[in-house]
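> I'd like to ask some things about the structure below.
The values are calculated or read from the model by the stated rules, or taken from the named source; none is laboratory data. What you see is a predicted model; the values in this text were computed from it and never measured. Heads up, the Cβs are rebuilt from the backbone with ideal geometry, glycines too, and the neighbour counts pull from every protein chain shown.
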Amino acid sequence: MTVSNADRPAAQTLIPKPPRRETVTAYVYAYNEEDKIADCLDSVAWCDEMIVVDSYSTDRTVEIAREHGAHVMEHPFEGFREQSQFALDQVTTEWGLSLDADERVSPELRLSIERALADPDPTVNGYRLKRVTRHLGVYFRYGTLFKDTTRRLARTAACRWIGDNPHCRLGIDGKLESLDGDFIHLRDRNLADQCQVYDRYSTEKAEAMWERGRRASAVDVVLRPLVRFIRSYFIRQGFRHGMVGFIAAMEEVIYVYYKYAKLWEKGNVAG
């Protein structure tokens, strides 16, 4: 019997397999963040794994993190850099994405990350993110509270946490690229609480600088705060945010002043 072409089975079209998306883990360190950790983890629930390193919280942080699918481990807080590095050391995927509990990955940034990892450039070891800070109800896209080169996403084999506490940073070996979308920082503190943070941070920074052999002169104490104000308010155009932009610039002046005044104090005031 003759089989006509119409009776023959249709040839199956071979569909090329899409490239494998490289794996990524979101890692967070936390302490008493029960009001923030859920939203933080929800913003990165698309990652292959979520790790929360908790420094023995006394609230529901650990319980909430586990409810949202995170792998939680306890570790004593030894410093921002040390805690971040410990969390990074737990990552077993190809990429690591670092967040604080008050930070979020926007849907647009998630899309950019997934696209980058679905079609990875083997020469790229990390990405710069646009960190938008919400302060006093304003999302800063000007001034020094806006950082368009934040490093939080990197190949785990090519990065480590470096620098002084509290403002350590992720050191990445090799080529960097930038991604679209906002990396959102919700700094929802009132001014009184923020001043306490700056007081604590300036002490830690002055001590770290002293240990590295840095010293401060009267010129540092007088001029460096002024330079920071000019940079934040005028050069980085913080004035575009009106009165809130001015207040934010003045907060940075206070932080820089205390940092160098405390460093000067260590070298010039007995006891």
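> Can you tell me which condition ARG104 does not meet? The list is (1) within 16 Å of THR23 (Cβ to Cβ); (2) outside any loop (DSSP other than H, G, I, E, B); (3) touching a helix residue (DSSP H, G or I) at 6+ places or on another chain (Cβ under 8 Å), and all the others hold.
Here ARG104 meets the rest and fails (1).
> Being within 24 Å of ASN165 (Cα to Cα), surrounded by 16 or more Cβ atoms within 10 Å (Cβ to Cβ), out of contact with any Pro (no Cβ under 8 Å at 6 or more places or on another chain) and of a type in the set (A, V, I, L, M) narrows it down to one of VAL62, VAL24, VAL44, VAL52, so name that one.
Working: VAL62 fails: within 24 Å of ASN165 (Cα to Cα); VAL24 fails: within 24 Å of ASN165 (Cα to Cα); VAL44 fails: within 24 Å of ASN165 (Cα to Cα).
The match here is VAL52.
> Looking at (1) among the charged types (D, E, K, R); (2) more than 15 Å from the chain's Cα centre (by Cα); (3) closer than 22 Å to HIS185 by Cβ, which one does LYS130 not meet, given that it meets all the others?
Exception for LYS130: condition (2).
> If you check LEU111, LEU117, which single one turns out to be at pLDDT 95 or above, aliphatic (A, V, I, L, M) and crowded, with 16+ Cβ neighbours inside 10 Å? Break it down into steps so the answer makes sense when it comes.
Working: LEU111 fails: crowded, with 16+ Cβ neighbours inside 10 Å.
Only one candidate qualifies: LEU117.
> Within the stretch 39-60, track down each residue that is touching a residue at least 40 places away in the same chain (Cβ under 8 Å) and in contact with a strand residue (DSSP E or B) (Cβ under 8 Å, 6 or more places away or on another chain).
First, the residues of the stretch 39-60 that are touching a residue at least 40 places away in the same chain (Cβ under 8 Å): 39-40, 43-44, 46-49, 51.
Listed by number, the residues that qualify are ASP39, CYS40, SER43, VAL44, CYS47, ASP48, GLU49, ILE51.
> Conditions first: (1) in contact with a helix residue (DSSP H, G or I) (Cβ under 8 Å, 6 or more places away or on another chain); (2) at pLDDT 95 or above; (3) charged (D, E, K, R). ASP164 passes all but one, so which condition is the exception?
Unmet condition: (2).
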